[in-house]
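Worksheet: the structure to be examined is printed underneath.
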Amino acid sequence: MDEKRKKQILWAMMHRIVIALILLIAIMYLVLNARKENTQKTVYEELLQKFEASQNEIIMYNRRMAKKYGLSSKGYIPASVTINAKKTNSESIGNEIIHLYKINGVSVFDGDVVQFRLFNTNTFFSEIRESDPSNDDVGNSVDERLCTISDLNDGIVIKQNISVHESHGKRAGNTATYTVTYRAVLNKKIPLSSQDLREEPKKQTRPELKNISITRGQVLKQDGYSRYIAVALIIVLSLWIIGKYTRETATAREDYRLEQKKKQQFAAEKAAFIKKVAGKTIRELANVPCNIVFNERNLPIDNNDARYGSFTVYRSKSGACFHRKKGCCSAHYETHAFIAKSSRLNPCTKCCREGISIPPWYQEYLNLKQEYIKYGIAENGKD
C-alpha cells in the first residue's frame, strides 16, 4: 500500500472518530437529560437514608446521656420556651388576628415550660389566621428538630416564615407576612463532660427533593442504566470504526497487489513485445509496401497522381455511394477509400462493382502502431 492511500485511510478513520464522538455526546446528552429526574430521586433517597441514620445515632447518644445523668427513661426533659411573632410587611389583612402555637401537638404560650423529646423529633407548629365569620384566611408552618442535651443547654432557636393571604373582603389580595421565633433552653443545665461533647454525633439537615441539583456528570456516575448505554455506544461505535478501517485497509492492500500484478504483467508484455520487435520499424513488421506513405490521419497513399493515390474515390455532395470514376453520377468530391468504407457509403454499381477491401498489412500497421504507443516505443523500434 502506498503512502498516499495510507494517509487517505487514516484521515477517513479520524473523520469517523469525530463523527462517533459527536454521536456519542448527542445521544448521551439526551439519555442523561431523560435520566436526570430518576437520578435526583435516587440521590434524595440516599441522602434521606444517611439523614435517618444520623438521626438514629443522635437518639442512641441521647439514650446514653439520659442514662448517664439520670434523666427520664422515656426521654423527656423540661425546657422553657419563649415565642415571638413579628409582622414583617405593611399589608393588612384585618384586625382580628389569632395565633396558635404547638410543640409536639400541645398548645403552648410564651414562657411555658415544655417537655422536649430526646428519643424522637420535636414538632413545632405555628398557625396565624385572620378571624372572619364567613372566610378564615390562614397561614401555617411546621418544623421538626431532634435535639441533644447540649442543644438545649445552649438553647435552640427555630424560625418560621408564615404568609397569610386575604381572599375576600375589602382587603382582598393583601398578604401579611410574619416571622415566628421559638427559643428553648433548659431551666437547669446538665453539666456534660468534654468527652460527652466530643462523642456527640454531627447533625445533618433533612434533604429536600426540590433542593437537590444534579449535573449530567452525576447522572452518569449514579445511574447504572446511563453507564450501560454509554458503554454500549462506545463498543458499537468502536466496532464500526475498527470494521471500516479493517475493510478499507484490506481493500487497499488488495488493490495495491492487483496494481503491482498489472504492472508486472505489463512489464512482461512490454519485454515480450520489444523482443518481438527486435529493433524493427512498424513498416517492416507490417510489411507495408515501399510505395506507401501515410498522411497525418494514418491513411495510406501510394504514388498515383490522384490526391490519395490509388485509394482515391469520389462522391457527390449528398450521395450515398462512392465511385472510382470521377464525374460518375455527379461524383466530384475526392475522399479516401477507407473513409468512404467507414462512413458506410455503398460502392457504385456502375464504376465500382468490386467494392473496397482493406489490405491485411494496413490493419497490421494500425494494430502495431497502437501497441507501440501502449508500450511507449518509438516507431523506429527503440524504447
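None of the figures in this text is laboratory data; all of them are computed from the coordinates on show. A quick note: this is a predicted structure, and the numbers were derived from the prediction, not measured. Because the Cβ atoms are built from the backbone with ideal geometry, glycine has one as well, and the counts that use them run over all protein chains shown.
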**Item:** Percent breakdown of C-alpha pair distances by 5 Å bin, ordered from the shortest bin, for the stretch 159-240
**Value:** 3, 8, 7, 8, 10, 9, 8, 9, 9, 9, 7, 6, 4, 2, 1, 0
**Fill in**
Residue-ordered couplings for the stretch 294-308, obtained by feeding phi - 60° into the Karplus form 6.51 cos²θ - 1.76 cosθ + 1.60 and rounding to whole Hz (Gly and Pro as x), are 10, 7, 5, 9, 6, 9, x, 9, 9, 8, 5, 6, 5, 4, 10
**Request:** Sticking to Cα atoms, compute the Rg of the stretch 214-289 to one decimal and its Dmax as the biggest Cα-Cα distance, whole number, in Å.
**Result:** 30.4, 97
**Complete:** Once normalised by the length of the stretch 72-189, the mean sequence separation of its alpha carbon contacts under 8 Å that are 6 or more apart gives a contact order in percent of 33 percent
**Item:** Which of 82, 39 has the fewest Cβ neighbours within 10 Å, and the rest in rising order
**Value:** 82, 39
**Message:** What FRET efficiency comes out for residue 69 versus residue 113 if R0 is 25 angstrom and r is the Cβ-Cβ distance? Round to the nearest 0.05.
**Reply:** 0.85
**Modelled FRET efficiency - R0 51 Å, residue 48 with residue 91, Cβ distances, 0.05 increments** = 0.85
**Asked** Length gain on complete extension for the stretch residue 247 to residue 179, per 0.36 nm per residue less the alpha carbon to alpha carbon distance?
**Response** 17.1 nm
**Message:** Could you give the length gained by full extension between residue 349 and residue 27, i.e. 0.36 nm per residue of separation minus their alpha carbon distance, to one decimal place?
**Reply:** 107.7 nm
**Message:** Taking the alpha-carbon distance from residue 263 and a cut-off under 19 Å, which aspartates and glutamates remain once sequence neighbours fewer than 8 residues away in the same chain are dropped?
**Reply:** 2, 3, 254, 255, 371, 383
**Asked** Using modelled backbone amide H atoms (1.01 Å from N, in-plane), which distant-in-sequence or interchain residues come within less than 5 Å of residue 112's amide H?
**Response** 81
**Fill in**
Here the membrane-span-like helices of the chain, with no claim about any membrane, defined by DSSP H, Cα axial extent at least 20 Å and mean Kyte-Doolittle at least -0.5, are 3-34, 224-277
**Request:** For a footprinting-style exposure proxy, rank 47, 152, 118, 209 by other Cβ within 10 Å, fewest first.
**Result:** 209, 47, 152, 118
**Item:** Count of lysine pairs in the stretch 72-189 with Cα separation under 21 Å (8 or more residues apart, or interchain)
**Value:** 9
**Asked** If contacts are Cα pairs under 8 angstrom and at least 6 residues apart, what is the relative contact order of the stretch 282-375 in percent?
**Response** 25 percent
**Fill in**
Under 17 Å by backbone N from the virtual spin label 7 Å along Cα-to-Cβ at residue 342, the residues of the stretch 261-302 are 293-302
**Message:** Explain nothing, just the number: relative contact order of the chain, from Cα pairs under 8 Å at least 6 residues apart, as a whole percent.
**Reply:** 15 percent
**Message:** Going Cα to Cα from residue 41, which aspartates and glutamates come in below 20 Å? Please leave out same-chain ones fewer than 8 positions away.
**Reply:** 52, 208, 223
**Fill in**
In Å, the C-alpha Rg and Dmax of the stretch 282-375 are 14.5, 47
**Message:** If you take Rg and Dmax of the Cα atoms in Å from the coordinates, which of (1) 20.6, 61; (2) 54.1, 149; (3) 21.3, 75 do you get?
**Reply:** (2)
**Fill in**
Sequence order, the stretch 170-175: Karplus ³J(HN,Hα) from phi using 6.51 cos²θ - 1.76 cosθ + 1.60, θ = phi - 60°, Hz rounded, Gly and Pro as x, gives 5, 9, 4, x, 6, 10
**Fill in**
Loop-resident GluC sites (Glu not before Pro) in the stretch 160-217 with no more than 13 other Cβ atoms inside 10 Å, DSSP not H/G/I/E/B, are 208
**Fill in**
In deg cm²/dmol, rounded to the nearest 500, the helical mean residue ellipticity at 222 nm of the chain, built from -39500 (n - 2.57) for every DSSP H run of length 4 or more, is -14500 deg cm²/dmol
**Prompt:** Once phi is turned into ³J(HN,Hα) by the Karplus curve 6.51 cos²θ - 1.76 cosθ + 1.60 with θ = phi - 60°, what whole-Hz value does each residue of the stretch 177-193 show in order, with x for glycine and proline?
**Reply:** 10, 10, 10, 9, 10, 9, 10, 10, 8, 5, 5, 10, 5, 9, x, 6, 7
**Request:** Grab the Cα-Cα distance for residue 259 and residue 274, subtract it from 0.36 nm times how many residues apart they are, and report the gain in nm with one decimal.
**Result:** 3.2 nm
**Request:** Could you pull out every one of the lysines with an alpha carbon less than 30 Å from that of residue 341, ignoring same-chain neighbours closer than 8 positions?
**Result:** 317, 325, 326, 350, 369, 374
**Request:** Would you give the gap between the C-alpha center of the stretch 308-374 and the C-alpha center of the stretch 1-25, rounded to a whole Å?
**Result:** 60 Å
**Asked** Which residue, 59, 301, 156, tops the fluctuation ranking in a GNM of the chain built on C-alpha contacts under 10 Å?
**Response** 301
